[in-house]
Amino acid sequence: MPHITLRTFAQLREQRGRGEERIEIPEGATAAEVYAMLFKEPRVPVGYAVNETLTRGTTVLSEGDTLALIPPVGGG
Amino acid sequence: MLELTAEVLDLRAIRARVEDPGFGAVLVFEGVVRNHFGGRPVTGLEYEAYPELAQPVVQAICAEIKERWPGARVAVAHRTGALDIGETSMVIAVGTPHRGACYEASRYAIEALKERLPVWKKEVYADGEAWKPNSPV
(Lines give C-alpha, C1' and ligand atoms only; values in the text may rest on other atoms or scores of the structure.)
Protein backbone atom coordinates (compact mmCIF):
# COMPACT_ATOMS: atom_id res chain seq x y z
CA MET A 1 0.00 0.00 0.00
CA PRO A 2 1.38 3.43 -0.95
CA HIS A 3 2.42 6.02 1.59
CA ILE A 4 1.75 9.71 1.04
CA THR A 5 2.30 12.94 2.90
CA LEU A 6 -0.96 14.61 3.90
CA ARG A 7 -1.08 18.37 4.41
CA THR A 8 -4.07 20.02 6.03
CA PHE A 9 -4.98 23.58 6.95
CA ALA A 10 -7.35 25.55 9.18
CA GLN A 11 -10.21 23.46 10.59
CA LEU A 12 -8.96 20.31 8.82
CA ARG A 13 -5.53 20.69 10.43
CA GLU A 14 -7.16 21.12 13.83
CA GLN A 15 -9.23 17.99 13.31
CA ARG A 16 -6.13 15.97 12.43
CA GLY A 17 -4.10 17.50 15.23
CA ARG A 18 -1.20 18.34 12.90
CA GLY A 19 -0.65 20.01 9.54
CA GLU A 20 1.55 17.36 7.99
CA GLU A 21 1.61 13.60 8.44
CA ARG A 22 2.64 10.45 6.64
CA ILE A 23 -0.27 8.09 5.93
CA GLU A 24 -0.89 4.80 4.19
CA ILE A 25 -3.61 4.73 1.53
CA PRO A 26 -5.26 1.97 -0.51
CA GLU A 27 -3.68 1.18 -3.88
CA GLY A 28 -5.26 3.37 -6.58
CA ALA A 29 -7.00 5.74 -4.15
CA THR A 30 -7.93 9.19 -5.46
CA ALA A 31 -7.50 12.50 -3.64
CA ALA A 32 -11.23 12.77 -3.00
CA GLU A 33 -11.39 9.19 -1.68
CA VAL A 34 -8.61 9.90 0.80
CA TYR A 35 -10.47 13.00 2.01
CA ALA A 36 -13.67 11.01 2.48
CA MET A 37 -11.77 8.25 4.31
CA LEU A 38 -10.13 10.60 6.80
CA PHE A 39 -12.91 13.07 7.55
CA LYS A 40 -16.41 12.28 8.73
CA GLU A 41 -19.49 14.02 7.37
CA PRO A 42 -20.43 16.81 7.21
CA ARG A 43 -17.34 17.62 5.18
CA VAL A 44 -16.55 21.09 3.90
CA PRO A 45 -15.96 21.31 0.13
CA VAL A 46 -12.21 21.21 -0.50
CA GLY A 47 -9.75 21.82 -3.29
CA TYR A 48 -6.90 19.41 -3.88
CA ALA A 49 -3.21 19.94 -4.55
CA VAL A 50 -0.90 17.05 -5.34
CA ASN A 51 2.81 17.82 -5.04
CA GLU A 52 1.91 21.50 -4.46
CA THR A 53 -0.07 21.84 -7.72
CA LEU A 54 -3.84 22.28 -7.87
CA THR A 55 -5.60 19.26 -9.30
CA ARG A 56 -8.92 17.42 -9.37
CA GLY A 57 -10.30 15.11 -6.73
CA THR A 58 -10.20 12.29 -9.27
CA THR A 59 -6.37 12.34 -9.33
CA VAL A 60 -4.98 8.92 -8.39
CA LEU A 61 -2.26 9.11 -5.74
CA SER A 62 1.10 7.36 -5.95
CA GLU A 63 3.78 6.38 -3.47
CA GLY A 64 5.57 9.47 -2.17
CA ASP A 65 2.97 12.02 -3.30
CA THR A 66 2.06 14.98 -1.15
CA LEU A 67 -1.69 15.60 -0.97
CA ALA A 68 -2.92 18.95 0.34
CA LEU A 69 -6.57 19.40 1.29
CA ILE A 70 -7.66 23.00 0.78
CA PRO A 71 -10.76 24.11 2.70
CA PRO A 72 -12.64 27.30 1.68
CA VAL A 73 -10.14 30.16 1.85
CA GLY A 74 -10.45 33.32 3.95
CA GLY A 75 -7.53 35.61 3.17
CA GLY A 76 -7.63 39.35 2.71
CA MET B 1 5.53 38.92 -5.99
CA LEU B 2 3.98 37.59 -2.78
CA GLU B 3 5.38 38.12 0.67
CA LEU B 4 3.98 36.05 3.55
CA THR B 5 5.19 37.18 6.93
CA ALA B 6 4.39 37.13 10.63
CA GLU B 7 5.92 40.62 10.91
CA VAL B 8 4.14 43.97 10.62
CA LEU B 9 3.74 44.80 6.92
CA ASP B 10 6.01 47.57 5.60
CA LEU B 11 3.79 49.61 3.30
CA ARG B 12 6.60 51.71 1.86
CA ALA B 13 8.66 48.67 0.98
CA ILE B 14 5.71 46.99 -0.74
CA ARG B 15 4.90 50.20 -2.63
CA ALA B 16 8.54 50.45 -3.74
CA ARG B 17 8.16 47.15 -5.56
CA VAL B 18 5.71 48.66 -8.08
CA GLU B 19 7.34 52.04 -8.65
CA ASP B 20 8.31 52.99 -12.19
CA PRO B 21 9.21 56.36 -13.71
CA GLY B 22 6.64 55.70 -16.43
CA PHE B 23 3.77 55.32 -13.95
CA GLY B 24 1.31 58.10 -13.28
CA ALA B 25 -0.66 56.10 -10.69
CA VAL B 26 0.08 53.89 -7.71
CA LEU B 27 -2.59 52.46 -5.42
CA VAL B 28 -1.84 50.77 -2.13
CA PHE B 29 -4.80 48.77 -0.81
CA GLU B 30 -4.80 47.59 2.79
CA GLY B 31 -7.01 44.89 4.27
CA VAL B 32 -7.51 45.69 7.96
CA VAL B 33 -8.71 43.57 10.88
CA ARG B 34 -12.26 44.66 11.74
CA ASN B 35 -13.74 44.49 15.22
CA HIS B 36 -16.97 42.73 14.29
CA PHE B 37 -18.35 40.05 12.00
CA GLY B 38 -22.10 39.74 11.44
CA GLY B 39 -22.79 41.74 14.59
CA ARG B 40 -20.52 39.60 16.74
CA PRO B 41 -17.58 41.37 18.40
CA VAL B 42 -14.20 40.07 17.24
CA THR B 43 -11.20 40.44 19.55
CA GLY B 44 -8.53 39.27 17.09
CA LEU B 45 -7.71 37.18 14.05
CA GLU B 46 -5.35 34.40 13.21
CA TYR B 47 -4.13 33.74 9.66
CA GLU B 48 -2.65 30.55 8.28
CA ALA B 49 -1.18 30.14 4.78
CA TYR B 50 -0.15 27.43 2.37
CA PRO B 51 2.99 29.16 1.04
CA GLU B 52 3.95 26.64 -1.68
CA LEU B 53 0.57 27.13 -3.38
CA ALA B 54 0.08 30.81 -2.48
CA GLN B 55 3.08 31.83 -4.59
CA PRO B 56 1.86 30.31 -7.87
CA VAL B 57 -1.69 31.57 -7.22
CA VAL B 58 -0.39 35.13 -6.87
CA GLN B 59 1.80 34.69 -9.93
CA ALA B 60 -1.23 33.58 -11.93
CA ILE B 61 -3.33 36.54 -10.75
CA CYS B 62 -0.48 38.97 -11.55
CA ALA B 63 -0.20 37.45 -15.04
CA GLU B 64 -3.95 37.94 -15.56
CA ILE B 65 -3.64 41.59 -14.50
CA LYS B 66 -0.70 42.21 -16.82
CA GLU B 67 -2.65 40.74 -19.69
CA ARG B 68 -5.74 42.88 -19.02
CA TRP B 69 -3.89 46.06 -18.06
CA PRO B 70 -0.60 46.02 -20.00
CA GLY B 71 2.33 47.54 -18.17
CA ALA B 72 0.77 47.16 -14.70
CA ARG B 73 2.97 46.10 -11.80
CA VAL B 74 1.56 44.32 -8.77
CA ALA B 75 2.97 43.43 -5.35
CA VAL B 76 1.11 41.49 -2.67
CA ALA B 77 1.89 40.89 0.99
CA HIS B 78 -0.14 38.97 3.57
CA ARG B 79 0.30 38.52 7.28
CA THR B 80 0.26 35.16 9.05
CA GLY B 81 -0.23 34.38 12.71
CA ALA B 82 -2.17 36.39 15.29
CA LEU B 83 -3.33 39.93 14.50
CA ASP B 84 -5.04 42.59 16.60
CA ILE B 85 -7.97 44.81 15.62
CA GLY B 86 -6.86 47.62 13.31
CA GLU B 87 -3.74 45.84 12.06
CA THR B 88 -3.10 45.51 8.34
CA SER B 89 -3.55 41.91 7.24
CA MET B 90 -2.91 42.36 3.54
CA VAL B 91 -1.38 44.91 1.19
CA ILE B 92 -1.83 45.08 -2.58
CA ALA B 93 0.25 47.67 -4.41
CA VAL B 94 -0.52 48.36 -8.06
CA GLY B 95 1.27 50.73 -10.39
CA THR B 96 0.12 51.68 -13.90
CA PRO B 97 0.76 54.41 -16.45
CA HIS B 98 -2.74 55.91 -15.90
CA ARG B 99 -5.20 56.02 -12.97
CA GLY B 100 -8.16 54.26 -14.58
CA ALA B 101 -6.30 51.01 -15.05
CA CYS B 102 -4.87 51.31 -11.54
CA TYR B 103 -8.29 51.31 -9.85
CA GLU B 104 -9.53 48.50 -12.04
CA ALA B 105 -6.46 46.32 -11.57
CA SER B 106 -6.44 46.88 -7.81
CA ARG B 107 -10.08 45.83 -7.55
CA TYR B 108 -9.47 42.80 -9.73
CA ALA B 109 -6.53 41.79 -7.53
CA ILE B 110 -8.38 41.94 -4.22
CA GLU B 111 -11.41 40.05 -5.52
CA ALA B 112 -9.26 37.34 -7.12
CA LEU B 113 -7.09 36.97 -4.01
CA LYS B 114 -10.13 36.74 -1.72
CA GLU B 115 -11.41 33.89 -3.85
CA ARG B 116 -8.20 32.00 -4.61
CA LEU B 117 -5.33 32.78 -2.22
CA PRO B 118 -4.76 29.73 0.03
CA VAL B 119 -4.89 31.64 3.30
CA TRP B 120 -7.30 30.93 6.15
CA LYS B 121 -8.69 33.22 8.82
CA LYS B 122 -9.76 32.27 12.29
CA GLU B 123 -11.90 34.82 14.08
CA VAL B 124 -11.44 34.98 17.81
CA TYR B 125 -14.40 36.16 19.88
CA ALA B 126 -14.73 36.88 23.57
CA ASP B 127 -16.44 33.50 23.93
CA GLY B 128 -14.98 31.27 21.19
CA GLU B 129 -13.46 31.11 17.73
CA ALA B 130 -14.32 30.06 14.17
CA TRP B 131 -12.61 29.63 10.77
CA LYS B 132 -14.30 32.06 8.39
CA PRO B 133 -14.30 31.53 4.63
CA ASN B 134 -14.68 34.51 2.28
CA SER B 135 -17.52 32.84 0.40
CA PRO B 136 -20.37 31.02 2.15
CA VAL B 137 -19.91 27.24 2.08
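The values are calculated or read from the model by the stated rules, or taken from the named source; none is laboratory data. Computed from a prediction, not measured in an experiment: that's the story for all the values here. All Cβ positions, even for glycine, are placed from backbone atoms using ideal geometry, and neighbour counts span all protein chains on display.
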Qualifying positions in the stretch A:54-76 - within 14 Å of chain B (Cβ to nearest Cβ) and closer than 23 Å to B:VAL137 by Cα: A:LEU54, A:THR55, A:LEU67, A:ALA68, A:LEU69, A:ILE70, A:PRO71, A:PRO72, A:VAL73, A:GLY74, A:GLY75, A:GLY76
Residue within the stretch A:62-73 that is part of a loop (DSSP other than H, G, I, E, B), among the hydrophobic types (A, V, I, L, M, F, W, C), over 10 Å from the mean Cα position of the chain (by Cα) and within 30 Å of B:ALA77 (Cβ to Cβ) present: yes
Residue match in the stretch B:109-125 (condition: of a type in the set (Asp, Glu) and surrounded by 18 or more Cβ atoms within 10 Å (Cβ to Cβ)): yes
Any pair with Cβ under 6 angstrom, 6 or more apart, that starts in the stretch B:114-131 at a residue that is within 7 Å of chain A (Cβ to nearest Cβ) and ends at one that is in a strand (DSSP E or B) and small (Gly, Ala, Ser): B:VAL119/B:ALA49
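Residues checked against (1) touching a Ser or Thr at 6+ places or on another chain (Cβ under 6 Å); (2) outside any strand (DSSP E or B); (3) buried (at least 20 other Cβ atoms within 10 Å of the Cβ); (4) not aliphatic (A, V, I, L, M):
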residue	(1), (2), (3), (4)
B:GLU7	no, yes, no, yes
B:GLY22	no, yes, no, yes
B:GLY31	yes, no, no, yes
B:ALA54	no, yes, yes, no
B:GLN59	no, yes, no, yes
B:HIS78	no, no, yes, yes
B:MET90	no, no, yes, no
B:ALA93	no, no, yes, no
Verdict on A:GLY28 being over 12 Å from the mean Cα position of the chain (by Cα), part of a loop (DSSP other than H, G, I, E, B) and buried (at least 20 other Cβ atoms within 10 Å of the Cβ): no
Residue among B:ALA77, B:ALA63, B:ALA72 that alone is more than 20 Å from B:GLU115 (Cα to Cα) and either of a type in the set (Val, Ile, Thr) or at pLDDT 95 or above (or both): B:ALA72
Subset of the stretch A:17-76 (residues that are free of Cβ contacts under 8 Å to residues at least 60 places away in the same chain, of a type in the set (D, E, K, R) and over 22 Å from B:LYS114 (Cα atoms)): A:ARG18, A:GLU20, A:GLU21, A:ARG22, A:GLU24, A:GLU27, A:GLU33, A:LYS40, A:GLU41
Positions within the stretch A:3-16 being more than 12 Å from chain B (Cβ to nearest Cβ) and either more than 11 Å from the chain's Cα centre (by Cα) or without any contact (Cβ under 8 Å) to a residue 40 or more places away in the chain (or both), in sequence order: A:HIS3, A:ARG16
